[in-house]
Amino acid sequence: MSKNFDVVVIGGGPGGYIAAIRAAQLGFSTACIDEWKNVKGGAAPGGTCTNVGCIPSKALLQSSEHYEHAGHAFSEHGIEVQGLSLDMKKMLARKDTVVKQNNDGILYLFKKNKVTFFHGRGSFVAAVEGGHEIKVAGATEESIIAKHVIVATGSNPRALPGADFDEKLILSNTGALAIADVPKRLGVIGAGVIGLEMGSVWRRLGSEVTVLEALPAFLGAVDEQVAKEAQKQFTKQGLAINLSVKIGAITAGKNDVTVNYVDDKGAAQKTVFDKLIISIGRIPNTIGLNAEAVGLQLDERGFVAVDGDCKTSLSNVWAVGDVVRGPMLAHKAEEEGVAVAERIAGQHGHVNFNTIPWVIYTSPEIAWVGKTEQQLKAEKVAYKAGTFPFLANGRARALGDTTGFVKFLADAKTDEILGVHIIGPQASELISEAVVAMEFRASSEDIARICHAHPSLSEAVKEAALAVDGRALNF
Ligand code: FAD
Ligand code: NAI
């Protein structure tokens, strides 16, 4: 059977499924192929993000935060909890339900937008008249023809040599989100976004967490002032963070894992963990695309090579999301997916890489957009900085969460906002005001002059903007 489509998307993660929906909205006959299987072997679109990434991690972060609050924070409010207990099975089942709701939501959206969904692996066969032939290998095998192809095949966790993921003792993000019993001793290699989020989950639930990081700087890509505060807070919470380590042999025993490493003082160390999470970055996934045979070029790091418009080396073949250069973030993938669908329609889709927000969903949350102070210094840009602590914010006091601050960086001459950095409560939500401001090229004074609701955490954003000009009102 052969089917013809205007647009075929390979991969149904946030890059792919959003691209498919936008293409269908623009009037193209569209198909999306995704191979992810749920435990029953059924379709589970949504990719890494929905199945083993953003969504399940945030579900467990929420559950574990409730547990920690019930155990430690409620009593400050005069609420005493007795007999607190943890039902890990139920917590994991809730997380699985949240994932399934999202899988089903995407299948519903495909129906609503008339996107044809294929459950299976998509691979290039050859260029044919009118487009590209794509093979779909699922329960059955079919061949489809696409005028345009959008590759959105995502990424996979990077393994350490000699320590393959078995998802029982040596865990990638997949295993880290499905540990049946709270491990007593949890090792985490890599103090990046996954290491800190998953380390936080299991620490809150009772694990002793040891984080082993190769670099000397903690969260090197984050504004230094924020990274310093984060390290202080995480250490206070009980994460044992070891920087400048050199990982050696990792040996999985029957029930534990031994990690040999050299510490920051050059001393050889050997630590035994009940579980080990390895979160040292992710690699682009081009497995099974048959890229080489059809001449789809990859770059030197294995990403699908694209230009600024997400065009690949093949005509009418595009690529978006984790499988191409740029930050590995779901919202970046989505924006690229929308932009490509619009470009296919002859429109001028655009992704502004300067205003892509980052969020680390630890407690305190960390969020930022734009340049860090160290970047501005390195680029010799003259800037002014303004910070405002949550300690001086009425809503934060009422919430009982006054950790952290908001920091604005603005051009010394024009006052244009160059970066905003937040560590503290609801940073993930607060950052969007800064994203909007930067997208409209606002000045810090613009934010300082806008009326913010009282009492709200957003007042800390306004106050930090005021502080750029040395006129914070409440600090
Ligand atoms: P993916 O989501 O990886 O989707 C690719 C899909 O393509 C998969 O379903 C895959 O099975 C399918 N596929 C691959 N090859 C083929 C083929 N040949 N045929 C058919 N199907 C194929 N980002 C955030 O922005 N916020 C977060 O909070 C966040 N949390 C994360 C937490 C964790 C633990 C992890 C691991 C990642 C997290 N991320 C987060 C990153 C985010 O998940 C990715 O950036 C995002 O999923 C990338 O989307 P994508 O569409 O490019 O790829
Ligand atoms: P990461 O790039 O965030 O962090 C990896 C860390 O491992 C780095 O600090 C690195 O220096 C360290 N490392 C690398 N090799 C090492 C080694 N041999 N020994 C010790 N440390 C080593 O990667 P991570 O945490 O795996 O996450 C992958 C990506 O997924 C993130 O970069 C991010 O794009 C995305 N993600 C986003 C989230 C969010 O937006 N909240 C949450 C989780 C993941």
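The values are calculated or read from the model by the stated rules, or taken from the named source; none is laboratory data. Note that the coordinates shown come from a computational prediction; the quantities given were computed from them, not determined experimentally. Virtual Cβ from ideal backbone geometry, glycine too; neighbours counted across all protein chains shown. Each accessible area value is taken on the protein alone, full model and side chains, heavy atoms only, with ligands, DNA and RNA left out. Shrake-Rupley method; radii C 1.70, N 1.55, O 1.52, S 1.80 Å.
Points to keep in mind about this one:
- Condition met for A392 (surrounded by fewer than 20 Cβ atoms within 10 Å (Cβ to Cβ), away from ligand 1 (no atom under 16 Å from the Cβ) and outside the structural domain of G13 (by TED's automatic domain parsing)): yes
- In the condition set (1) surrounded by fewer than 15 Cβ atoms within 10 Å (Cβ to Cβ); (2) among the basic types (K, R); (3) not in a loop (DSSP other than H, G, I, E, B), R203 is compliant with all but (1).
- Every pair of residues 6+ apart whose Cβ atoms lie under 6 Å, when the first sits in region 356-377 and is of a type in the set (S, T, Y) while the second is assigned to a helix (DSSP H, G or I) and more than 9 Å from ligand 2 (Cβ to nearest atom): Y361/L61; T362/S200
- Of all residues in region 1-41, those satisfying the criterion of being open to solvent by less than 10 Å² (accessible area, probe 1.4 Å) and in a helix (DSSP H, G or I) are G15, G16, A19, A20, A23.
- Checking each residue in region 113-172 for being buried (at least 17 other Cβ atoms within 10 Å of the Cβ) and of a type in the set (G, A, S) picks out G120, G122, S123, G131, A146, A152, G154, S155, A163, S172.
- Selection status of G162, of a type in the set (G, A, S) and either more than 22 Å from C54 (Cα to Cα) or away from ligand 1 (no atom under 16 Å from the Cβ) (or both): yes
- Options A341, A319, A330, A367: the member that is closer than 16 Å to P14 by Cα, within 13 Å of ligand 2 (Cβ to nearest atom) and crowded, with 19+ Cβ neighbours inside 10 Å: A330
- Q101 being exposed (fewer than 15 other Cβ atoms within 10 Å of the Cβ) and within 30 Å of A341 (Cα to Cα): yes
- Checklist (1) modelled with pLDDT of 95 or more; (2) closer than 30 Å to A217 by Cβ; (3) within 16 Å of ligand 2 (Cβ to nearest atom) applied to L169, failing item: (3)
- Extreme residue, nearest to I356 (Cα to Cα), among residues of region 408-436 that are outside any strand (DSSP E or B) and over 22 Å from the mean Cα position of the chain (by Cα): D415
- Candidate set from region 225-252 (those that are assigned to a helix (DSSP H, G or I) and open to solvent by 40 Å² or more (accessible area, probe 1.4 Å)); member that is farthest from A267 (Cα to Cα): Q225
- Residue match in region 305-315 (condition: in contact (Cβ under 8 Å) with a residue 40 or more places away in the chain and among the basic types (K, R)): no
- Test: R395 is within 30 Å of G12 (Cα to Cα), assigned to a helix (DSSP H, G or I) and more than 19 Å from the chain's Cα centre (by Cα): no
- Residue list for region 173-190, restricted to those being more than 14 Å from ligand 2 (Cβ to nearest atom), open to solvent by less than 60 Å² (accessible area, probe 1.4 Å) and either in a loop (DSSP other than H, G, I, E, B) or not assigned by TED's automatic domain parsing to the domain that holds T251 (or both): A178, I179, V182, P183
- In region 276-310, residue most open to solvent (accessible area, probe 1.4 Å) [restricted to those that are within 16 Å of ligand 2 (Cβ to nearest atom) and not in a loop (DSSP other than H, G, I, E, B)]: I283
- Odd one out for R325 among (1) within 16 Å of ligand 1 (Cβ to nearest atom); (2) basic (K, R); (3) closer than 30 Å to L239 by Cβ: (3)
- Flag for V222 being surrounded by 14 or more Cβ atoms within 10 Å (Cβ to Cβ) and part of a loop (DSSP other than H, G, I, E, B): yes
- The C-beta contact set for region 41-53 (first residue outside the structural domain of A19 (by TED's automatic domain parsing), second residue away from ligand 2 (no atom under 16 Å from the Cβ) and open to solvent by less than 20 Å² (accessible area, probe 1.4 Å), distance under 6 angstrom, 6+ apart or interchain) is empty.
- Filtered residues of region 42-76 (kept if of a type in the set (S, T, N, Q), open to solvent by less than 20 Å² (accessible area, probe 1.4 Å) and more than 14 Å from V201 (Cβ to Cβ)): T50
- Residues that are within 12 Å of ligand 1 (Cβ to nearest atom), surrounded by 15 or more Cβ atoms within 10 Å (Cβ to Cβ) and touching a residue at least 40 places away in the same chain (Cβ under 8 Å) do not occur anywhere in region 346-355.
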